[in-house]
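The structure under discussion appears below in the form of C-alpha coordinates.
The values are calculated or read from the model by the stated rules, or taken from the named source; none is laboratory data. No experiment lies behind these values; they were computed from the predicted model shown. Note: ideal-geometry Cβ built from the backbone for every residue, glycine included; neighbour counts use all protein chains shown.
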Amino acid sequence: MTDPKPRSTAEVVLGAIEDLHAREQIVTREILSELTGLKLTTIDDRLGHLVDTGKIRRVQRGVFVPLEQHRPARPISRTLCPDGTTVLEVGDTVMILSPRESRMIGELMAGSSHQYAAIEIGHETARLNAALQAQISDVRREVARMGLRAEDD
(Lines give C-alpha, C1' and ligand atoms only; values in the text may rest on other atoms or scores of the structure.)
Protein backbone atom coordinates (compact mmCIF):
# COMPACT_ATOMS: atom_id res chain seq x y z
CA MET A 1 0.00 0.00 0.00
CA THR A 2 1.43 3.42 -0.93
CA ASP A 3 1.25 6.52 1.18
CA PRO A 4 -1.25 9.15 0.07
CA LYS A 5 0.18 12.12 -1.79
CA PRO A 6 1.65 14.59 0.73
CA ARG A 7 -0.20 17.88 0.99
CA SER A 8 1.49 21.01 -0.28
CA THR A 9 2.17 23.86 2.13
CA ALA A 10 -0.60 25.84 0.40
CA GLU A 11 -3.06 22.99 1.12
CA VAL A 12 -1.88 22.83 4.74
CA VAL A 13 -2.35 26.59 5.19
CA LEU A 14 -5.74 26.59 3.42
CA GLY A 15 -6.91 23.66 5.57
CA ALA A 16 -5.89 25.52 8.73
CA ILE A 17 -7.68 28.67 7.54
CA GLU A 18 -10.86 26.73 6.79
CA ASP A 19 -10.72 24.94 10.14
CA LEU A 20 -10.18 28.13 12.14
CA HIS A 21 -12.87 29.97 10.17
CA ALA A 22 -15.36 27.13 10.70
CA ARG A 23 -14.76 27.54 14.45
CA GLU A 24 -15.28 31.31 14.04
CA GLN A 25 -11.70 32.07 15.07
CA ILE A 26 -9.72 35.01 13.71
CA VAL A 27 -7.15 33.83 11.17
CA THR A 28 -3.80 35.64 11.29
CA ARG A 29 -0.37 34.71 9.98
CA GLU A 30 0.93 34.24 13.54
CA ILE A 31 -1.89 31.86 14.45
CA LEU A 32 -1.35 29.93 11.21
CA SER A 33 2.36 29.63 11.91
CA GLU A 34 1.68 28.38 15.43
CA LEU A 35 -0.98 25.93 14.23
CA THR A 36 0.91 24.52 11.24
CA GLY A 37 4.48 24.79 12.50
CA LEU A 38 5.48 26.62 9.31
CA LYS A 39 7.77 29.66 9.37
CA LEU A 40 6.19 33.11 9.00
CA THR A 41 7.98 33.64 5.66
CA THR A 42 6.39 30.45 4.32
CA ILE A 43 2.99 31.45 5.71
CA ASP A 44 3.28 34.90 4.09
CA ASP A 45 4.20 33.37 0.74
CA ARG A 46 1.34 30.85 0.87
CA LEU A 47 -1.17 33.51 1.97
CA GLY A 48 -0.17 35.64 -1.01
CA HIS A 49 -0.56 32.65 -3.32
CA LEU A 50 -3.98 31.75 -1.86
CA VAL A 51 -5.20 35.35 -2.22
CA ASP A 52 -3.92 35.49 -5.83
CA THR A 53 -5.63 32.21 -6.75
CA GLY A 54 -8.94 33.28 -5.20
CA LYS A 55 -9.01 30.67 -2.43
CA ILE A 56 -8.98 33.21 0.45
CA ARG A 57 -9.48 36.92 0.91
CA ARG A 58 -8.11 39.55 3.25
CA VAL A 59 -10.93 41.00 5.36
CA GLN A 60 -8.57 43.50 6.95
CA ARG A 61 -4.83 43.87 7.35
CA GLY A 62 -3.49 40.53 8.56
CA VAL A 63 -6.88 38.78 8.83
CA PHE A 64 -7.99 36.17 6.29
CA VAL A 65 -11.09 34.10 5.52
CA PRO A 66 -11.73 31.34 2.99
CA LEU A 67 -13.78 32.46 -0.01
CA GLU A 68 -16.14 29.50 0.00
CA GLN A 69 -18.89 30.32 2.45
CA HIS A 70 -22.02 28.55 3.60
CA ARG A 71 -25.33 29.85 2.36
CA PRO A 72 -27.12 32.24 4.72
CA ALA A 73 -28.76 30.59 7.71
CA ARG A 74 -32.48 29.91 7.35
CA PRO A 75 -34.95 30.92 10.06
CA ILE A 76 -35.34 28.21 12.69
CA SER A 77 -38.12 27.84 15.23
CA ARG A 78 -39.16 25.20 17.74
CA THR A 79 -42.65 24.82 19.17
CA LEU A 80 -43.36 22.61 22.18
CA CYS A 81 -46.86 21.13 21.98
CA PRO A 82 -49.04 20.14 24.97
CA ASP A 83 -48.97 16.47 23.91
CA GLY A 84 -45.15 16.40 24.21
CA THR A 85 -44.37 16.62 20.50
CA THR A 86 -42.03 19.24 19.10
CA VAL A 87 -42.55 21.09 15.85
CA LEU A 88 -39.19 22.02 14.38
CA GLU A 89 -39.18 24.43 11.44
CA VAL A 90 -36.02 25.07 9.43
CA GLY A 91 -36.78 27.45 6.58
CA ASP A 92 -39.65 25.85 4.67
CA THR A 93 -39.05 22.39 6.17
CA VAL A 94 -41.37 21.36 9.02
CA MET A 95 -40.74 18.30 11.18
CA ILE A 96 -43.06 17.00 13.87
CA LEU A 97 -40.94 15.12 16.39
CA SER A 98 -41.91 12.71 19.11
CA PRO A 99 -40.49 13.44 22.56
CA ARG A 100 -37.87 10.73 22.03
CA GLU A 101 -36.85 12.12 18.62
CA SER A 102 -36.58 15.60 20.10
CA ARG A 103 -34.29 14.30 22.87
CA MET A 104 -32.17 12.42 20.34
CA ILE A 105 -31.72 15.55 18.22
CA GLY A 106 -30.88 17.50 21.38
CA GLU A 107 -28.22 14.95 22.25
CA LEU A 108 -26.77 15.20 18.74
CA MET A 109 -26.71 19.00 18.88
CA ALA A 110 -25.20 19.28 22.39
CA GLY A 111 -21.66 19.47 21.02
CA SER A 112 -22.64 22.33 18.71
CA SER A 113 -24.21 24.23 21.59
CA HIS A 114 -21.04 23.84 23.66
CA GLN A 115 -18.96 24.99 20.71
CA TYR A 116 -21.25 28.01 20.23
CA ALA A 117 -20.88 28.89 23.92
CA ALA A 118 -17.08 28.62 23.69
CA ILE A 119 -17.03 30.84 20.58
CA GLU A 120 -19.18 33.47 22.29
CA ILE A 121 -17.01 33.38 25.41
CA GLY A 122 -13.93 33.85 23.21
CA HIS A 123 -15.48 36.83 21.42
CA GLU A 124 -16.54 38.45 24.71
CA THR A 125 -13.10 37.81 26.21
CA ALA A 126 -11.43 39.46 23.21
CA ARG A 127 -13.78 42.45 23.46
CA LEU A 128 -13.16 42.86 27.18
CA ASN A 129 -9.41 42.43 26.71
CA ALA A 130 -9.34 45.17 24.07
CA ALA A 131 -11.31 47.51 26.36
CA LEU A 132 -9.00 46.72 29.28
CA GLN A 133 -5.89 47.29 27.16
CA ALA A 134 -7.27 50.68 26.08
CA GLN A 135 -7.90 51.61 29.72
CA ILE A 136 -4.41 50.49 30.75
CA SER A 137 -2.91 52.62 27.96
CA ASP A 138 -4.95 55.63 29.14
CA VAL A 139 -3.79 55.11 32.74
CA ARG A 140 -0.15 54.74 31.65
CA ARG A 141 -0.35 57.97 29.65
CA GLU A 142 -1.93 59.77 32.60
CA VAL A 143 0.69 58.44 35.03
CA ALA A 144 3.49 59.44 32.65
CA ARG A 145 1.96 62.91 32.26
CA MET A 146 1.63 63.28 36.04
CA GLY A 147 5.20 62.06 36.51
CA LEU A 148 6.45 64.77 34.16
CA ARG A 149 4.52 67.39 36.13
CA ALA A 150 6.02 66.17 39.42
CA GLU A 151 9.53 66.47 37.97
CA ASP A 152 8.74 70.03 36.79
CA ASP A 153 7.79 71.12 40.35
Can you confirm whether the range 10-28 contains a residue that is at pLDDT 90 or above, under 19 Å from the mean Cα position of the chain (by Cα), in a helix (DSSP H, G or I) and among the polar types (S, T, N, Q)? no
Among Thr86, Thr93, which is the only one that is in contact with a strand residue (DSSP E or B) (Cβ under 9 Å, 6 or more places away or on another chain), among the polar types (S, T, N, Q), in the same structural domain as Arg127 (by TED's automatic domain parsing) and more than 22 Å from Thr125 (Cβ to Cβ)? Thr86
Only one of Glu142, Glu89 that is without any contact (Cβ under 8 Å) to a residue 24 or more places away in the chain, of a type in the set (D, E, K, R) and in contact with a Lys or Arg (Cβ under 8 Å, 6 or more places away or on another chain): Glu89
Quick one: which of Arg127, Arg103, Arg46, Arg78 is touching a strand residue (DSSP E or B) at 6+ places or on another chain (Cβ under 6 Å) and surrounded by 10 or more Cβ atoms within 10 Å (Cβ to Cβ)? Arg78
Tally of residues being closer than 26 Å to Ala117 by Cα and either surrounded by 15 or more Cβ atoms within 10 Å (Cβ to Cβ) or aliphatic (A, V, I, L, M) (or both) across the range 1-16: 2
Residues in the range 17-28: is at least one more than 30 Å from Ser113 (Cβ to Cβ) and either free of Cβ contacts under 8 Å to residues at least 40 places away in the same chain or exposed (fewer than 12 other Cβ atoms within 10 Å of the Cβ) (or both)? no
Just wondering, is there one or more residues in the range 34-44 that are assigned to a helix (DSSP H, G or I), within 22 Å of Gln115 (Cα to Cα) and out of contact with any helix residue (DSSP H, G or I) (no Cβ under 7 Å at 6 or more places or on another chain)? yes
